[in-house]
Amino acid sequence: MTQALHAAAVADRARPRIALDRILHPRSVAVFGASDSKDKFGGRIMSFLVQHGFAGEIVPINPRRAEVLGRRAYATIAEAPAPPDVAILAVPGASLVQSVAAAAAAGVGCCVIISTGFAEAGADGAARQAALVEIARSTGMRLVGPNCMGLIVPHHHLALCSSVVLDTDHLRDGAISLVSQSGALMVSIFDRAAADGIGFRHCVSLGNQVDLEICDFVEHLVAEPETEAICVYVEGLLDGMRFRRALAGARRAGKPVLIVKTGRTEAGVKSARSHTASLAGAFDVFEAVCREEGAVLAHQPEDMVRAAQFLIRHTRPRRGGVAILSSSGGGCGIASDRVSELGLPLARLAPATRDKLGEILLPPQADNPIDLGGRKAPEEIEIAGDAARIIFGDDGVDYGLAILTSMPFFARRTRLIGEAAQALDKPVMIALTPGRAADGPRRALAEIGQFHFDGIEEALRALALIVEHDRLRAAPTTTAARPTALPDPGRLRDLGKGPLTERQAKQLLEAYGLKLVPEHMVSTAAEAGKAAAVLGLPVALKAVSRSLVHKTDAGAVRLDLRSADEVVAAASEMAGRLAVEGFVVQPMARGEAEVIVGARRDPHFGAVVLVGLGGIAVEILKDVALAPAPVAPERARVMLDALRAAPLLHGARGRPALDVAAVVDAVVRVSWLAADLGPRLVELEINPLIVRRAGEGAVAVDARGTLDADKEFAS
């Protein structure tokens, strides 16, 4: 930055920052690198602004041109007659910083930076990015990007983007807003949605997020009345807790939030010291936070947008089931299987509905699912629309699924089914399964503005997202009240850094009200034999060592030792093979099931608590549930009920019902311990928690943990 520009920037630090609403609805736009040629970034941007009728002032910046697309061009931004609200820059990375500094000195409110070659491109790029951050910090000018694709705001006729997908007749307006870290994906989503007849209110590409980031825009969209649903593509977050608060705000505002997140298979913690650390990976925590705040995660961007469109069209609460209509018995069978496999409820039709269907269909088909082939009426008498209205109109049906295969009068019948779907205030998915034979039905649906899917799987993916949204929004929110008799969190200040011994971990748990198996800590094999006699045989013997992570894998645990001599022999063998600090001797704890209860601190979202089927098989089965800590008892019970092993806890197949209340209490107390430890928590784990029969409690057998003393204590 030149000395003059730096002086101007410093003098302008007190300038109020431009509001996001003005960035999305600018009155004037400057285009750096403006050109008449669509072969250049600046040329396409200029062309799209003109082509789509941007009504504000367009200010071309080009030192070698006096005019661009009939508009006066300026050699520098300083020569512009007034500071534009927004400038977009598609200039080489080497000159980008100078151009941004010039824009700041000229009073531009926000720079949208398409240029690449910053933090993603090595040390030199990182230095350029740091310079951009300093400009934004010192002047108050906002930045979007760099390495982004810009903004698309159809209702404002703003195509501030260089993508060729904008070379179209018009920008389709809508009530969905999209925020994306990927620019190329943003324009691809925009293009695909347009083909589906779906429009957007805003599309925002963020790139490297050196200034404005995901949360800035999500918060704005939550508050903007015209945005009715928010779609987000996330690669990484700068402020996880702020993101969570934004999701909570959307839930309070009644706005669906649907998210596609990359990094689903990331290990999260590469060198895990516990089962909890390896099981509660980065994506697992992200998923738990989204679930807690009512946001829905999708695998595919097109599913996210399609589900959002159905959700803004059909806003009433839904708790019923799915009704299926098909033009073939095979379609009915496949759809029924897939609905069941996805865990979606199949609706039970009311007797009156079945009676009406029985008037036009043969008896086996007069129920859910409906096969239109089993008709009573002659072929020339049309019943497709009537059947769709009857089954999808049932009060117990909240979701419709029409699987249409080749059939006589294909286009006409498809249109009738589409018209029936449009007359109902509930989402009805229409899937066309053939190829060219369905061209006529596709046109028929397009003529009436009815969206359709090309294949059953596309329809089912969108339907599953809608059902998940409804389930999450219907779940009551809970507030975690601190249990009585928990210790003062200030007592945790004196804990050291690094791995805790088993005894230290258990002392922490005991202080928070967890019940533990009695045990003796000893130094030698001989003392272990004596402790076993005192505690009562049979016993469990465990080696104590801070370096041991998974004791069973290391051969550091022996169970059901039935004499003092067996204990001494086992301890001696361990001491000869392992670097032990001592031994723990415990009476054998008996129970009906083993559960893991753990916690760890996620760098973005803070403490999370985990519960699942425990023991040595926990990482094989991976049957666990997570939630942000602390949790209320109601939330802990929901976590337990979400486990595949939940029936075992409730007494499946003649087994005794177990003390679920004791497990819930353990989860709640561990969650509060994790929250109280604050940034010092690395990980904490009980594995196993032995669960006994109902009313008999649960007891912790083994525990481990790791703390970080270098971080500020948060009470």
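The values are calculated or read from the model by the stated rules, or taken from the named source; none is laboratory data. Predicted model only: the values in this text are computed from it and were never measured. Every residue, glycine as well, gets a Cβ built from its backbone with ideal geometry; the counts of neighbours run over all protein chains shown.
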Which is in a loop (DSSP other than H, G, I, E, B), farther than 18 Å from Met407 by Cβ and under 39 Å from the mean Cα position of the chain (by Cα), of Arg348, Arg338? Arg348
Residue count, the range 619-670, condition closer than 21 Å to Ala282 by Cα and either over 27 Å from the mean Cα position of the chain (by Cα) or of a type in the set (S, T, N, Q) (or both), comes to 0
Residue count, the range 69-82 (criterion: surrounded by 18 or more Cβ atoms within 10 Å (Cβ to Cβ) and touching a residue at least 40 places away in the same chain (Cβ under 8 Å)): 2
Within the range 233-256, can one find any residue that is at pLDDT 90 or above, under 26 Å from Ile430 (Cβ atoms), among the hydroxyl-bearing types (Ser, Thr, Tyr) and outside any helix (DSSP H, G or I)? no
Do the conditions hold for Pro441, that is, is it within 22 Å of Glu379 (Cα to Cα), touching a residue at least 24 places away in the same chain (Cβ under 8 Å) and not in a helix (DSSP H, G or I)? no
Filter the range 228-259 down to the residues that are β-branched (Val, Ile, Thr) and surrounded by fewer than 22 Cβ atoms within 10 Å (Cβ to Cβ) and list them by number. Val234, Ile259
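For every residue, the table says whether it meets (1) surrounded by 24 or more Cβ atoms within 10 Å (Cβ to Cβ); (2) in the same structural domain as Glu683 (by TED's automatic domain parsing); (3) modelled with pLDDT of 95 or more.
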{"site": "Ala531", "(1), (2), (3)": "no, no, yes"}
{"site": "Leu541", "(1), (2), (3)": "yes, no, yes"}
{"site": "Arg546", "(1), (2), (3)": "no, no, no"}
{"site": "Lys551", "(1), (2), (3)": "no, no, no"}
{"site": "Asp565", "(1), (2), (3)": "no, no, yes"}
{"site": "Ala617", "(1), (2), (3)": "no, yes, no"}
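This table checks each residue for (1) charged (D, E, K, R); (2) farther than 25 Å from Val260 by Cα; (3) touching a Phe, Trp or Tyr at 6+ places or on another chain (Cβ under 7 Å); (4) free of Cβ contacts under 8 Å to residues at least 40 places away in the same chain.
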position	(1), (2), (3), (4)
Asp394	yes, yes, no, no
Arg415	yes, yes, no, yes
Pro434	no, yes, no, yes
Gly449	no, yes, no, no
Leu460	no, no, no, no
For the range 27-55, give me each residue that is closer than 24 Å to Leu143 by Cβ and charged (D, E, K, R). Arg27, Lys40, Arg44
Which number in (1) outside any helix (DSSP H, G or I); (2) more than 26 Å from Cys203 (Cβ to Cβ); (3) free of Cβ contacts under 8 Å to residues at least 12 places away in the same chain marks the one condition that Ser95 misses? (1)
Give Ser188, Ser162, Ser115 a once-over and let me know the one that is of a type in the set (Ser, Thr, Tyr), surrounded by 16 or more Cβ atoms within 10 Å (Cβ to Cβ) and in contact with a Gly (Cβ under 6 Å, 6 or more places away or on another chain). Ser115
Of the residues in the range 434-465, those that are aliphatic (A, V, I, L, M), surrounded by 15 or more Cβ atoms within 10 Å (Cβ to Cβ) and within 33 Å of the chain's Cα centre (by Cα) come to Leu445, Ile456, Ala459, Leu460, Ala462, Leu463, Ala464, Leu465
Selection within the range 444-488 - more than 30 Å from Leu297 (Cα to Cα) and assigned to a helix (DSSP H, G or I): Ala444, Glu447
So in the range 52-68, with the set limited to residues that are in contact (Cβ under 8 Å) with a residue 24 or more places away in the chain and among the small types (Gly, Ala, Ser), which one is surrounded by the most Cβ atoms within 10 Å (Cβ to Cβ)? Gly56
Can you name the helices (runs of 4 or more DSSP H) wholly within the range 261-316 that have at least 1 residues being modelled with pLDDT of 60 or more and small (Gly, Ala, Ser)? 282-292, 301-313
